[in-house]
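The values are calculated or read from the model by the stated rules, or taken from the named source; none is laboratory data. This is a predicted model, so every value here is computed, not measured. Here the Cβ is made from the backbone with ideal geometry for all residues, glycine too, and neighbour counts use every protein chain on show.
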Amino acid sequence: MKSRSAWLFEAIAFLALFILASSLSAATPVKKVRLAYSAFAYANPPFWIAQDLKLFEKYGLDSELVYVSGARPIQAMLGGSIDASQVGGAATVSAAAQGADVVILGTIFTRLNFAVHASPQIKQISDLKGKTLVTGTIGGNTYFAALLFLSRFNWVPNRDVNLIGVGGSPEVLGALTQGRFPAGVLTSPTTHMATRMGFREIFDLASLDFPFPTLSVVSTRKYIEANLDVIMNVLRATSEAIHLYSTRPEVALPVIAKYMRVPKDDPALVQAQETFAKHLNLTLRPSLDGIQFILDFLAEQRPALKERNPADFVNVSFLKKLDEEGFFKKLSGSQ
């Protein structure tokens, strides 16, 4: 018959093994996932926040996060080196319209967070007629922002106002400072720099109630079908990161400072958070109207796209499940 001390020893040993097994299970992510972000920009923090604050790990993912510039994440996903990415919705729709196996799973920003800045020679918006507006890469978000701006004044691109793409916001600002063009489309924090340099904001596109898949979570249908749980947890972590960026800047901004390689007290961090936080999309629901806007532009060169349904370019089944389980309400504190 075992002594009381022997029973006690076995009980303690069993409890220790149970605690150790539980801790190892909790610390070991369920699935590895390779993720990408497409720009060092203040509109791109959700994946950064989810990675550095271990939100992906919280939802059972062993995540690797890498930088792949511009629209290149789409090619990386098609090639299998990346599983999912934060990337521009315009580039995604354009690729899918040409037959690429990519689909929008959720949209982080549903506004074109851009502004038109002009040199002192442009006294009013009408002064731009017959002149040139410089934008980002043709077919990218900045270019669609320029198209939206022109449409508000019933101007036809390259007839009433010429559009020239030169790259990202830094390149647009560089073209303005060199005196090559009278106006350009910029995003924060480059907009703040432009103002300080004497280029006045003449139109704020973010003020328009026009939804657009500016920055989206994207993957291939092939990967999604084989990794349903991974996609669900990537979206959970992304939504929680959005919530932290909106409500806990003291936690989120040091992460953004790290990725943007700026001091933690850089004023641009707060300026950008104040600019973008109000347009963050906690529920990640993509806008079909914004996708239709892209298709209408693409249809000018490929008329067959006029018949395409914008719903074909999104997969909202995961967001519906998260909504049904009350995830977004719990996250926002409304439940």
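So here's what we get for this one:
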item	result
Listing of helices (runs of 4 or more DSSP H) fully contained in the stretch 189-301 that carry 2 or more residues being among the aliphatic types (A, V, I, L, M) and either closer than 15 Å to residue 315 by Cα or in contact with a His (Cβ under 6 Å, 6 or more places away or on another chain) (or both)	221-226, 228-247, 288-298
Matching option when the condition is of a type in the set (S, T, N, Q), buried (at least 18 other Cβ atoms within 10 Å of the Cβ) and in the same structural domain as residue 293 (by TED's automatic domain parsing), among 69, 63	63
Among the residues listed as 119, 85, the single one being within 30 Å of residue 56 (Cβ to Cβ), in contact (Cβ under 8 Å) with a residue 24 or more places away in the chain and not β-branched (Val, Ile, Thr)	85
Test set (1) in contact (Cβ under 8 Å) with a residue 12 or more places away in the chain; (2) over 22 Å from the mean Cα position of the chain (by Cα); (3) under 22 Å from residue 300 (Cβ atoms) - residue 179 fails condition number	(3)
Residue pairs meeting the criteria (Cβ under 9 Å; at least 6 apart or on separate chains; first more than 26 Å from residue 185 (Cα to Cα), in the stretch 94-113; second of a type in the set (Ser, Thr, Tyr) and in a strand (DSSP E or B))	102/219; 103/219; 105/216; 105/219
The stretch 40-69, subset assigned to a loop (DSSP other than H, G, I, E, B) and out of contact with any strand residue (DSSP E or B) (no Cβ under 8 Å at 6 or more places or on another chain), residue nearest to residue 269 (Cα to Cα)	42
Any hit, the stretch 272-283, residues being of a type in the set (Phe, Trp, Tyr) and at pLDDT below 95	yes
Segments classed as strands (runs of 3 or more DSSP E), wholly inside the stretch 78-167, with at least 3 members that are in the same structural domain as residue 39 (by TED's automatic domain parsing) and under 27 Å from residue 230 (Cα atoms)	84-88, 103-109
Among (1) in the same structural domain as residue 267 (by TED's automatic domain parsing); (2) at pLDDT below 95; (3) β-branched (Val, Ile, Thr), the one test that residue 190 misses	(1)
Meets criteria (in contact with a helix residue (DSSP H, G or I) (Cβ under 6 Å, 6 or more places away or on another chain) and of a type in the set (D, E, K, R)) for residue 123	no
Close pairs (6 angstrom Cβ cut-off, 6 or more residues apart or separate chains): free of Cβ contacts under 8 Å to residues at least 60 places away in the same chain in the stretch 307-335, surrounded by fewer than 11 Cβ atoms within 10 Å (Cβ to Cβ) anywhere	326/335; 329/335
Number of the exception - residue 230 against (1) surrounded by 17 or more Cβ atoms within 10 Å (Cβ to Cβ); (2) among the β-branched types (Val, Ile, Thr); (3) not assigned by TED's automatic domain parsing to the domain that holds residue 50	(3)
Restricting the stretch 168-188 to residues that are out of contact with any Phe, Trp or Tyr (no Cβ under 9 Å at 6 or more places or on another chain) and assigned to a helix (DSSP H, G or I), the residue that is nearest to residue 260 (Cα to Cα)	170
Any hit, the stretch 265-281, residues being out of contact with any Phe, Trp or Tyr (no Cβ under 8 Å at 6 or more places or on another chain), exposed (fewer than 13 other Cβ atoms within 10 Å of the Cβ) and either touching a residue at least 60 places away in the same chain (Cβ under 8 Å) or more than 16 Å from residue 244 (Cα to Cα) (or both)	yes
Unmet criterion (only one of (1) in a loop (DSSP other than H, G, I, E, B); (2) at pLDDT below 95) for residue 304	(1)
